[in-house]
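What follows is one structure encoded as structure tokens, with my remarks underneath.
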Amino acid sequence: MDQDQDPMDTRSFNSDDEGELNLNNTDLISQPANRGGPDFMVTDPTSSVSLASNLEISSHIQPGRLKLLTDEEHRVNLAANVRSIWSIPQAEKKLFDQEQYEKEAEQCINVFVKWEEHQQVDFITQLFSKMCHYQHGLINGYLRPMLQRDFITALPGKGLDHVAEKILSYLDADSLKAAELVCKEWYRVISDGMLWKKYIEHMVITDDLWRGLAERRGWMVTLFKPNSQGNAHKYYRSLYPKLIADIERIENNWRTGKHRLEKIVCRSESSKGVYCLQYDENKIISGLRDNSIKMWNRKTLECENTLTGHTGSVLCLQYDKNIIISGSSDSTVRVWSITDGSLQNTLIHHSEAVLHLRFQDGIMVTCSKDRSIAVWDMQSPSDINLRRVLVGHRAAVNVVDFDHKYIVSASGDRTIKVWDTSSCEFVRTLNGHRRGIACLQYHGNLVVSGSSDNTIRLWDIDFGSCLRVLEGHEELVRCIRFDSKRIVSGAYDGKIKVWDLQAALDPRTPNGTLCLRTLVEHSGRVFRLQFDEFQIVSSSHDDTILIWTSLTLKKRHR
């Protein structure tokens, strides 16, 4: 045969492939009647199907002559013969198998239901061990919906309403809204359990913004008190979107710079300038360059008391519910009663101006132009004793901050030093600023500092690494504060800048997008500022205190 010829061509009389026609197979079932005619057998002699097919073919051949079939005719006949041979037996076999299965399955189930529960479980466990992974998947899909239970609906029926309420009380607001729509019983549990009221109360306790909103809007009158009104659930359910709308408005005002500006003109008698301040919802207490401390009513913005006694400018102060402690350029630290303004104690230790101080939990830390840091134990306003003096800076120590773990100090020598609070031992130095450091705040593992190199740096206190450098101020950065969302800085350029703290901590964020807003209202250097979720309160060399409130847009001046 021509080797280039198609082996499936009907003119082919030979093939080396077992699947093709083989006309030279000597194991033929029948021999040709005529030597002159084409002798062939169209089959694989090893196949019973092919054997039957050939028998069928042979039965149709006239005696003394073989009929030559084409490949296509062979395939058609072969398929027909296969169907005719297997169709009836397979159908009968399937019918038999199904009947046998049903009979045996019924017998098995009848035995199964007679067993104890633990026997049934043991049997099923053994049965599962004989199955393949695919079967396990099918059974799992069948069992999953059977195992689901509406326990919120079921619990009240067993006298366990409080359990259902407790479970739903862990939902966030979006989930709680979705739960109300599940069914009437879920809605009843949420309504009767006053879960919206409890959710708002939880947020007021844990979030300063929520607490401030509740106080400013007057909602604290009804919160944390029992409610006997039948429509209490609807009231608190409608209160939630109002709170969210206020929060979104405040956040938008921070980003767009919308605010209500209030101004206090301090009217210093001699030299002008407000070096330091602290505030709460009722009062603002400020330290002035004219050696006085003034206490202002937060609502009326009127001066209610003036404390005198320092012989130099009041450079720093802090107060709690009982006392005010101030530091002055006269080198003294003074303790005052916050109720009547009387002088309680005077501490004389530093040899030059006391530039900054902090106190909490029975410890006070002061720092001075004399390059030293003093750590004090506070038992009472009249019982304050020096514990340790920390020395290490080579220039004036401008600012300190501390918690139970570290004392952090910054100096005109361009360094930030970290000390152990308990032992007062030196821990490490943070280097990076190119000029003296004027301000810092420390909280958690983050330190944020401002310098006369006009930059702000963010530091990881545990590793001593600089995380980010913020640039934008044109002169010395004099004051800085941060919370979980923002950094607010004030500088000698008279500007206050608001920065996105979370974005600043992400190294992928471009520097140019970090400053959210620049506030320009002071006409002199910004000396000190503090802020919360609703406002920034700042003081300046221009002898004013400005209050930038982001909750409303009404304007009032004093």
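Name the residue that is farthest from the chain's Cα centre (by Cα), counting only residues in region 106-144 that are open to solvent by less than 80 Å² (accessible area, probe 1.4 Å) and either within 30 Å of VAL182 (Cα to Cα) or at pLDDT below 90 (or both).
Across region 106-144, the extreme among qualifying residues is ILE139.
For region 416-448, which residues satisfy the criterion of being of a type in the set (Val, Ile, Thr) and within 25 Å of LEU386 (Cα to Cα)?
Selection gives ILE416, VAL418, THR421, VAL427, THR429.
Take region 373-388 and flag every residue that is more than 40 Å from the chain's Cα centre (by Cα) and either touching a residue at least 40 places away in the same chain (Cβ under 8 Å) or under 17 Å from ASN345 (Cβ atoms) (or both).
GLN379, SER380, PRO381, SER382, ASP383, ILE384, ASN385, LEU386, ARG387
So which residues in region 431-452 are surrounded by 18 or more Cβ atoms within 10 Å (Cβ to Cβ) and out of contact with any Asp or Glu (no Cβ under 9 Å at 6 or more places or on another chain)?
GLY432, ALA438, CYS439, VAL448, SER449, GLY450, SER451
Could we say that ILE384 is surrounded by 18 or more Cβ atoms within 10 Å (Cβ to Cβ), in contact with a Cys (Cβ under 9 Å, 6 or more places away or on another chain) and in a strand (DSSP E or B) here?
no
For region 476-495, state whether one or more residues are touching a strand residue (DSSP E or B) at 6+ places or on another chain (Cβ under 7 Å) and surrounded by fewer than 17 Cβ atoms within 10 Å (Cβ to Cβ).
There is no residue in region 476-495 that is touching a strand residue (DSSP E or B) at 6+ places or on another chain (Cβ under 7 Å) and surrounded by fewer than 17 Cβ atoms within 10 Å (Cβ to Cβ).
So SER270 passes all but one of these: (1) open to solvent by 10 Å² or more (accessible area, probe 1.4 Å); (2) under 19 Å from ARG525 (Cβ atoms); (3) assigned to a strand (DSSP E or B); (4) of a type in the set (S, T, N, Q). Which condition number does it fail?
(3)
List the pairs whose first member sits in region 462-480 and is among the small types (Gly, Ala, Ser), whose second member is open to solvent by 40 Å² or more (accessible area, probe 1.4 Å), and whose Cβ atoms are under 7 Å apart, counting only residues at least 6 apart or on separate chains?
GLY464/ARG428; GLY472/CYS515
Would a scan of region 531-545 turn up a residue that is in contact with a strand residue (DSSP E or B) (Cβ under 6 Å, 6 or more places away or on another chain), charged (D, E, K, R) and surrounded by fewer than 22 Cβ atoms within 10 Å (Cβ to Cβ)?
no
How about region 185-212: which of its residues are of a type in the set (Asp, Glu), open to solvent by 40 Å² or more (accessible area, probe 1.4 Å) and in a helix (DSSP H, G or I)?
Scanning region 185-212 gives GLU185, ASP192, ASP208.
It is to be established whether one or more residues within region 161-184 are open to solvent by less than 80 Å² (accessible area, probe 1.4 Å), closer than 27 Å to VAL113 by Cβ, at pLDDT below 90 and not β-branched (Val, Ile, Thr).
Checked region 161-184: no residue is open to solvent by less than 80 Å² (accessible area, probe 1.4 Å), closer than 27 Å to VAL113 by Cβ, at pLDDT below 90 and not β-branched (Val, Ile, Thr).
For region 426-463, which positions are of a type in the set (Asp, Glu) and in contact with a Leu (Cβ under 7 Å, 6 or more places away or on another chain)?
Answer for region 426-463, where residues must be of a type in the set (Asp, Glu) and in contact with a Leu (Cβ under 7 Å, 6 or more places away or on another chain): just ASP460.
Filter region 152-190 down to the residues that are among the hydroxyl-bearing types (Ser, Thr, Tyr) and closer than 21 Å to ASN231 by Cβ, then identify the one that is farthest from the chain's Cα centre (by Cα).
TYR187
I'd like to check something: does region 416-425 contain any residue that is crowded, with 18+ Cβ neighbours inside 10 Å, over 30 Å from the mean Cα position of the chain (by Cα), under 14 Å from HIS393 (Cβ atoms) and of a type in the set (Phe, Trp, Tyr)?
yes
So, in region 213-229, of the ones that are aliphatic (A, V, I, L, M) and part of a helix (DSSP H, G or I), which residue ends up surrounded by the fewest Cβ atoms within 10 Å (Cβ to Cβ)?
Checking each candidate, the answer is VAL221.
Which of the residues spanning region 258-267 are outside any strand (DSSP E or B) and either open to solvent by less than 20 Å² (accessible area, probe 1.4 Å) or among the β-branched types (Val, Ile, Thr) (or both)?
Within region 258-267, just CYS266 meets the criteria.
Tally up the residues in region 513-525 that are out of contact with any helix residue (DSSP H, G or I) (no Cβ under 9 Å at 6 or more places or on another chain), closer than 20 Å to PHE482 by Cβ and either surrounded by fewer than 17 Cβ atoms within 10 Å (Cβ to Cβ) or of a type in the set (Phe, Trp, Tyr) (or both), please.
The total comes to 1.
Taking only pairs six or more apart or across chains, which ones have beta-carbon atoms under 8 Å, a first residue in region 210-224 that is on the phi > 0 side of the Ramachandran plot, and a second residue that is exposed (fewer than 14 other Cβ atoms within 10 Å of the Cβ) and assigned to a helix (DSSP H, G or I)?
Between residues of region 210-224 that are on the phi > 0 side of the Ramachandran plot and residues that are exposed (fewer than 14 other Cβ atoms within 10 Å of the Cβ) and assigned to a helix (DSSP H, G or I), there is no close pair.
Between residues in region 391-410 that are more than 16 Å from ILE480 (Cβ to Cβ) and open to solvent by less than 10 Å² (accessible area, probe 1.4 Å) and residues that are among the aliphatic types (A, V, I, L, M) and in a loop (DSSP other than H, G, I, E, B), which pairs lie under 6 Å by C-beta distance while being six or more apart or on different chains?
Going by the 6 Å Cβ cut-off, there are no qualifying pairs.
The values are calculated or read from the model by the stated rules, or taken from the named source; none is laboratory data. All of these numbers come straight from a predicted model, not from anything done at the bench. Cβ sites come from the backbone with ideal geometry, for glycine too, and all protein chains shown count toward neighbours. Quick note on the areas: whole protein, heavy atoms, side chains included, nothing else; ligands and nucleic acids left out. Shrake-Rupley method; radii C 1.70, N 1.55, O 1.52, S 1.80 Å.
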